1. Read phi for every residue in region 130-147 and hand back ³J(HN,Hα) as whole Hz from Karplus 6.51 cos²θ - 1.76 cosθ + 1.60, θ = phi - 60°, with x for Gly and Pro.
2. Which percentage, to the nearest 5, of the DSSP beta bridges contained in the chain is antiparallel?
3. Hey, what did region 95-145 get for relative contact order, percent, Cα under 8 Å, at least 6 apart?
4. Where does each of 209, 19 land when they are ordered by accessible area, with a 1.4 Å probe and the largest first?
5. Tally up the carbon and sulfur contribution to the accessible surface of the chain as a whole percent, 1.4 Å probe, everything protein left in place.
6. Please determine, in degrees from 0 to 90 and to the nearest 10, the orientation of helix 168-177 with respect to the longest principal axis defined by the Cα atoms of the chain, where the helix direction is its Cα long axis.
7. Could you order the peptides 91-102, 113-124 from most to least packed, using the average number of other C-beta atoms within 10 Å per residue?
8. Per-residue counts of other Cβ atoms within 10 Å, averaged by peptide: what ranking do you get for 131-137, 197-203, highest first?
Amino acid sequence: MKIFLDTAIVDEIRAAHAWGVVDGVTTNPSLIAQSGRRFEDVVKEICAIVDGPVSAEVISVDAAGMVAEARPLAAIHKNVVIKVPMTAEGLKAAHALKKEGIRTNVTLIFSPAQALLAAKAGAAFVSPFVGRLDDVGHVGMELVEQIRAIFDNYAFACEIITASVRSPLHVIDAAMAGADIATVPYKVLEQCLKHPLTDIGMERFLKDWEKAKK
Ligand code: G3P
């Protein structure tokens with residue numbers, strides 16, 4: 001499974017990229033706002049660090065506006081993927097952008113039928129939001145399993161990005177469900193890396209080594 005970092009904080013991307021585990025990056029308007037920086041500058045800098053898909057989200061609500069926003073963003077770097085919302089206008093934009101050779105990530109997916117339509121419209125990626133489904137009492141990961149089955153039934157090339165990931169368990173479950181990608185906040189990636197027994201084991205090895213040297 002590929003791992004994308006779900007952040008617009010460039011320092012986090014640099015740190016995780018150095019671990020050799022980052023295959024791409026996803027951003028959204030909330031994450032860009034948190035970074036406090038100009039959208040285009042952040043996207044450019046991320047593309048210089050990570051050699052993989054970098055999702056940049058449009059904020060227009062009409063297809064023509066989305067397409068107009070998408071073109072200059074896609075021109076920043078060949079790896080830029082345009083994130084469009086799962087609406088009728090978003091699908092229209094995804095369809096039009098595919099014809100221009102611009103890849104899209106259809107976001108805010110909460111049902112398998114939505115994912116099916118996005119794939120049919122020509123999206124390169126769909127982003128089911130598992131954490132937000134869990135928040136309202138649905139098992140979010142079941143959505144990923146359903147989309148996996150549907151895409152496999154018809155050999156859709158569209159890749160599934162498990163999004164709204166809140167914990168290492170989501171990462172494991174996404175991998176078990178056969179998601180192509182999990183997009184993970186930096187904090188969750190750190191949680192995946194760390195284990196108290198690893199720390200205790202390290203401490204013990206180093207102590208024993210010190211004793212052996214005496
Ligand atoms: O990838 C989408 C993600 O950024 C949304 O996460 O935690 O706001 O539901 P969250």
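The values are calculated or read from the model by the stated rules, or taken from the named source; none is laboratory data. Fair warning: this is a prediction, and the values are worked out from it, not measured in the lab. All Cβ positions, even for glycine, are placed from backbone atoms using ideal geometry, and neighbour counts span all protein chains on display. Surface areas here come from the heavy atoms of the whole protein model, side chains and all, with no ligands, DNA or RNA. Shrake-Rupley method; radii C 1.70, N 1.55, O 1.52, S 1.80 Å.
1. 6, x, 5, 6, 4, 4, 9, x, 9, 7, x, 5, 4, 5, 4, 4, 5, 5
2. Working: 0 of 25 bridges.
The answer is about 0 percent antiparallel.
3. On the way: 59 pairs, mean separation 16.8, N = 51.
Normalised by residue count, the contact order of region 95-145 is 33 percent.
4. Values: 209 165, 19 100 Å².
Highest to lowest solvent-accessible surface, that is 209, 19.
5. On the way: 6390 of 10960 Å².
Within the chain, the accessible surface is 58 percent carbon and sulfur.
6. 60
7. Values: 91-102: 18.4, 113-124: 20.9.
In descending order of packing, they fall as 113-124, 91-102.
8. Working: 131-137: 13.1, 197-203: 9.7.
Packing order, densest peptide first, comes out as 131-137, 197-203.
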